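Let me begin by presenting the structure, written as structure tokens, before commenting on it.
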């Protein structure tokens with residue numbers, strides 16, 4: 001099934017000059033860039049993209065726990081991480097893209113790799129190009145520099161595409 005998904009190359013990916021390499025990797029697996037914006041992310045969009053929703057915060061905080069760090073509350077940890085993410089993603093240029101192709105969400109997620117570059121599989125973008133890890137990021141009170149945001153489901157992709165590019 002042909003789908004669309006949202007990919008954001010975060011400030012660390014742009015600053016490291018990896019934009020073209022990242023796009024080539026998505027194109028190599030059959031995805032096509034159909035929309036692109038090079039921009040500094042406005043806080044008004046970022047606050048909606050990374051919401052302070054309790055379920056979302058808990059999900060984010062659980063990634064810290066899965067990485068091996070003890071926390072008092074997954075939700076409280078998630079709140080810290082989302083605060084760091086919001087600050088980081090608005091700190092410099094990003095590239096927001098809509099990719100289209102067969103099973104685009106699943107293919108893009110597989111190509112991107114796991115959230116924590118330290119445990120992402122080799123052959124994925126984060127596994128090959130990532131240099132950070134969740135534990136260091138938390139210790140330094142910042143988000144993990146993992147190069148990319150990739151929508152997690154077709155529903156999330158449509159919501160995020162509408163947020164970043166407007167209603168189709």
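The values are calculated or read from the model by the stated rules, or taken from the named source; none is laboratory data. None of these values were measured; they are calculated from a predicted model. Neighbour counts are summed over all protein chains in view; Cβ atoms, including those assigned to glycine, are modelled from backbone coordinates with ideal geometry.
Given the conditions (1) at pLDDT below 95; (2) surrounded by fewer than 16 Cβ atoms within 10 Å (Cβ to Cβ), report the number of the one that residue 61 does not fulfil.
Here residue 61 clears every test but (2).
Inside the stretch 134-168, can you point out the residues that are surrounded by 18 or more Cβ atoms within 10 Å (Cβ to Cβ) and either at pLDDT below 95 or not in a helix (DSSP H, G or I) (or both)?
Hits for the stretch 134-168 are 134, 137, 138, 143, 144, 145, 146, 147, 148, 149, 150, 151.
So which residues in the stretch 111-162 are at positive phi and either in contact with a helix residue (DSSP H, G or I) (Cβ under 6 Å, 6 or more places away or on another chain) or touching a residue at least 12 places away in the same chain (Cβ under 8 Å) (or both)?
Selection gives 113, 141, 147.
Any residue that is touching a residue at least 12 places away in the same chain (Cβ under 8 Å) and either more than 27 Å from residue 3 (Cα to Cα) or under 13 Å from the mean Cα position of the chain (by Cα) (or both) - is there at least one of those in the stretch 101-108?
yes
If a residue must be within 20 Å of residue 14 (Cα to Cα) and under 11 Å from the mean Cα position of the chain (by Cα), how many such residues does the stretch 144-168 contain?
8
Hey, could you check the stretch 111-121 for residues that are part of a loop (DSSP other than H, G, I, E, B) and closer than 23 Å to residue 101 by Cβ and say which is farthest from the chain's Cα centre (by Cα)?
121
Which of (1) closer than 22 Å to residue 14 by Cβ; (2) loosely packed, with under 15 Cβ neighbours inside 10 Å does residue 117 not meet, given it meets every other one?
If we test residue 117 against (1) closer than 22 Å to residue 14 by Cβ; (2) loosely packed, with under 15 Cβ neighbours inside 10 Å, just (2) comes out false.
Can you confirm whether the stretch 92-101 contains a residue that is in contact with a helix residue (DSSP H, G or I) (Cβ under 9 Å, 6 or more places away or on another chain), surrounded by fewer than 19 Cβ atoms within 10 Å (Cβ to Cβ), farther than 24 Å from residue 32 by Cβ and modelled with pLDDT of 95 or more?
yes
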